[in-house]
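Some notes on the structure that comes next.
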Amino acid sequence: AETPFVGYLRVFTFTADQAEPIPGARIIVSRGDTIFANTETDRDGYTPVIPLPSVDPELSLRPGNVQPYVAYTIETNADGFRAVRHENVPVYGNNYVTQPIALLPLLPDEAQPPTRNFVSGGPTNL
């Protein structure tokens with residue numbers, strides 16, 4: 001459903017030991033079958049800020065079992081690195097979040113191994 005609330009996501013890619021940012025990584029942000037962004041990182045390893053539909057930020061102030069964020073999936077691919085998929089990345093209304101993504105380099109002559117999967121999530125009961 002359409003919502004007037006927006007959260008903002010920025011992805012930062014870097015080598016697993018955080019020694020260097022990874023420019024040119026392909027980032028796809030989705031929820032279910034809907035793709036909200038298909039972009040790539042700049043020379044500093046960052047994507048542009050991506051506005052995403054979210055929920056009323058006041059939900060995070062209410063006790064109970066209401067999920068105060070919208071969960072997104074981030075798929076990351078970069079030449080010479082293992083693909084990574086982060087699921088359930090929380091995006092809160094009227095807030096900015098930077099999702100760090102560490103990428104592991106492929107070994108010489110290594111075929112692309114399976115995607116590394118991570119499951120995130122914010123608190124469900126504040």
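Of note:
- The chain, dipole about Cα centre (Lys/Arg Cβ +1, Asp/Glu Cβ -1), debye to the nearest 20: 260
- Fully extending the segment from PHE118 to ASP17 would add 34.6 nm, taking 0.36 nm per residue of separation and subtracting the current Cα-Cα distance.
- Each residue of region 20-36 was assigned a 3J(HN,Hα) from its phi angle through the Karplus curve 6.51 cos²θ - 1.76 cosθ + 1.60 (θ = phi - 60°); the sequence is 9, x, 10, x, x, 6, 7, 10, 10, 10, 9, 9, x, 8, 9, 8, 9 Hz, with glycine and proline shown as x.
- Share of carbon and sulfur in the accessible heavy-atom surface of the chain [1.4 Å probe, %]: 49
- Between the residues PRO23, VAL84, VAL66, the greatest Cα displacement towards the positive end of the dipole of the chain, with unit charges on the Cβ of Lys, Arg, Asp and Glu, is found for VAL66.
- Å² per residue, accessible surface of the chain at 1.4 Å: 58
- Estimated inter-spin distance, VAL6 and ASP33, nm [label 7 Å along Cα→Cβ]: 2.7
The values are calculated or read from the model by the stated rules, or taken from the named source; none is laboratory data. Since the model is a prediction, treat every value here as computed from it, not as a measurement. Note that each Cβ is placed from the backbone with ideal geometry, even for glycine, and that neighbours are counted across all protein chains shown. Please note that ligands, DNA and RNA were not included when accessible areas were found on the heavy atoms of the full protein model with its side chains. Shrake-Rupley method; radii C 1.70, N 1.55, O 1.52, S 1.80 Å.
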